[in-house]
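Remarks on the structure that follows.
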Amino acid sequence: MKNAVLFKSAVAALLITGFGYAAKAQGGDPPFVKGSNTIGLSIGFGDYYNYATTYGYGWTVLPSINLSYDHGFFENVGPGTIGIGGIIGIKNRYYKYGNGDKYTDNSVIVGVRGTYHLTLLADKNNKFDPYGGVFLGVRIRNTNDRYWDETHSYVNPTSGLFVGAKYNFVPNFGAFAEVGYDISFLKLGLNLNF
């Protein structure tokens, strides 16, 4: 629970700071170029392990909440720009035993993301920003089984691949979707460009 409260506080602080900065900024330079910055807040769906069919249990998997950042470092790399940033995500799942006890499994990921933004079509539609990338980081898991009175914590390296696209409604603001895996298979969110 402490991780969830800390994560939500960090997200709120970053969003307040980001929106305040964006109000003063001249705007992002769609498409994604060297010096571009994007902060994304998303919810994610899908889980890395199908508990319901593997164990026959009735697991409830809540959507993940994710905060990502991307900065354009190298442009004109082929038909695109390379970005480097990071992601923080949290996901909770639980199972209720027949007697009312609960088994909870909470995951937090923290890691670095490298992205490649394809700018080939920027002259035709500079609001559309397709990209793909890799993720390297750590997964921090805390489990609590009230039935067996057991609590465990794990820290493991993790990695993933993803593809996505942003659509910028205005220079500073847009929406995005990603498929792949870091903490969820599908992420939908809003992005702030500055």
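The values are calculated or read from the model by the stated rules, or taken from the named source; none is laboratory data. Worth saying up front: this structure is predicted, and the values here are computed from it rather than measured. Cβ placement follows ideal geometry from the backbone for every residue including glycine, while neighbour counts extend to all protein chains displayed.
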Looking only at residues in segment 115-156 that are of a type in the set (D, E, K, R) and closer than 19 Å to S36 by Cα, which one is modelled with the highest pLDDT?
-> D129
Pairs returned, first residue in segment 79-105 that is of a type in the set (A, V, I, L, M, F, W, C), second residue that is in a loop (DSSP other than H, G, I, E, B) and buried (at least 22 other Cβ atoms within 10 Å of the Cβ), beta-carbon separation under 7 angstrom, 6 or more apart or interchain, are I87/D182
For G83, all conditions in the list (1) assigned to a loop (DSSP other than H, G, I, E, B); (2) closer than 26 Å to F185 by Cβ; (3) modelled with pLDDT of 90 or more hold save one; what is the number of the exception?
-> (1)
Just need a number here: residues in segment 118-166 that are under 27 Å from K102 (Cα atoms) and free of Cβ contacts under 8 Å to residues at least 12 places away in the same chain.
-> 5
Just a yes or no: is a residue in segment 114-131 at negative phi, among the small types (G, A, S) and outside any strand (DSSP E or B)?
-> yes
Scan (1) hydrophobic (A, V, I, L, M, F, W, C); (2) surrounded by 14 or more Cβ atoms within 10 Å (Cβ to Cβ); (3) touching a residue at least 24 places away in the same chain (Cβ under 8 Å); (4) in contact with a Lys or Arg (Cβ under 8 Å, 6 or more places away or on another chain) for the single condition F169 breaks and write down its number.
-> (2)
